[in-house]
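The values are calculated or read from the model by the stated rules, or taken from the named source; none is laboratory data. Everything quoted here is computed from the prediction, not taken from an experiment. Using ideal geometry, Cβ is built from the backbone for each residue, glycine included, and neighbour counts are taken over all protein chains shown. These accessible areas exclude ligands, DNA and RNA; they are computed on the full protein's heavy atoms, side chains included. Shrake-Rupley method; radii C 1.70, N 1.55, O 1.52, S 1.80 Å.
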Amino acid sequence: MSHGFERLRLAALNIDGVLLNDTFSPVIHQFVVSRGGHYTAELERSVFSQPQRVAGRNMAAAVPGNLTGPEALAAYFEERDAYVARHPVTVLDGAISLVVRLRALGLRTVCYGGLPAEHFERFLGDHAHLFDGPGYVCTDGFRPGVHEITTEVFGLRHDEALFVDDVARVAEAARELGVAFIGHPTDFAHSHQPRLMREAGVRYLVGSPAEIDEPMLRAVDSEVADGTFWAPGLAAEAVDRPRASAAV
């Protein structure tokens, strides 16, 4: 398949929060505040896009009491099961169209996230043919996984990949490596991710997968090619479109 971009070859899409609705932020918030903890940006940094064992340990440390990391993680997943029973996991509007658009423009595509592959198969298995390589990469053992997915899974240079994620920690890793990044932060009311992404220098922020259109992708590619994508002087010029409500 030929490509129509000067530099980009791969689009890596986070599963939860980009292709599927965010069913993590509300549960983590409730886990912390219901136990008397404070939900802060620092807490999000220590939990989001971390290996599960690290996230569990940090959630336990964020609340009063003597929970161990494994106990906190088990309680969290129990509470998340109850949450998704009321607010089912859904494919976000425009998500599949985005993947189709990326492929039509000549990019290879892959999905990634911290849960096992069964999560991908359950909710996106009908669309597995739209993803390349392994289709889905579980990053729990090497989060956030920007370097590993780009270089080890696909054998590409850092400047040949674009990551789309809802967590600023991934943006920070992308910036350090010179990897292109588009932010899709959650619209959860208590989230610190929009601010943390701006602080990380993210200029392309969208409220829906549908907003990642061909002009935006070509602008990203052009900036990567000329070395200005993460230019400090451009950090304040965020390309921020009106947010759409996430499907719940």
*asked:* Projecting each Cα onto the charge dipole of the range 15-68 (Lys/Arg +1, Asp/Glu -1 at the beta carbon, about the Cα centre), which of Gln30, Gly65, Gln50 comes out farthest on the positive side?
replied: Gly65
*Per residue Cα convex hull volume for the range 123-163, in cubic angstrom?*
85
*Find the Cα radius of gyration of the range 69-121, compare it with 2.2 N^0.38 Å by division, and give the number to two decimals.*
1.56
*For the chain, which whole-number percentage of the solvent-accessible area (1.4 Å probe, protein heavy atoms only) is attributable to carbon and sulfur atoms?*
52
*asked:* Considering all alpha-carbon pairs of the range 63-195, what whole percent are spaced by more than 17 angstrom?
replied: 68
*Heavy-atom surface of the chain, accessible at 1.4 Å and reported per residue (Å²)*: 42
*Once you list every other residue whose beta carbon is under 10 Å from the beta carbon of Val18, what net charge do they have if Lys and Arg are +1 and Asp and Glu are -1?*
-4
*Label-zone membership for the range 30-53, site His87, 7 angstrom Cα→C-beta point, backbone N under 13 Å*: 30-31
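Throw me the Rg/Rh for the range 1-49, computed over C-alpha atoms with Kirkwood Rh, two decimals.
Ratio of gyration radius to Kirkwood radius: 1.25.
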*Take every Cα-Cα distance within the range 1-97, group them into 5 Å bins from 0 onward, and report for each bin the whole-number percent of pairs it holds.*
2, 12, 19, 20, 15, 11, 7, 5, 5, 3, 1, 0
_For the range 1-78, which GluC sites (Glu not before Pro) pass both filters: DSSP loop (anything but H, G, I, E, B) and at most 14 other C-beta atoms within 10 Å?_
Glu6
_Quick check: from the Cα gyration tensor, does the range 161-227 come out rounded (a/c under 1.5), prolate or oblate?_
oblate
*Could you tally the net charge around Leu67, taking each other residue with its Cβ under 11 Å from the Cβ of Leu67, Lys/Arg +1 and Asp/Glu -1?*
+1
*D (Stokes-Einstein, µm²/s), Kirkwood Cα radius, the chain, 1.567 mPa s at 4 °C*: 71
_the chain, helix-only ellipticity at 222 nm - DSSP H runs n ≥ 4, -39,500 (n - 2.57), divided by all residues, nearest 500_ = -11000 deg cm²/dmol
*All other residues with a Cβ under 12 Å from the Cβ of Val137 taken together, and with Lys, Arg as +1 and Asp, Glu as -1, what is their net charge?*
-3
*Using only alpha carbons, build the gyration tensor for the range 85-162 and give me the equivalent ellipsoid semi-axes, biggest first, whole Å.*
22, 17, 10
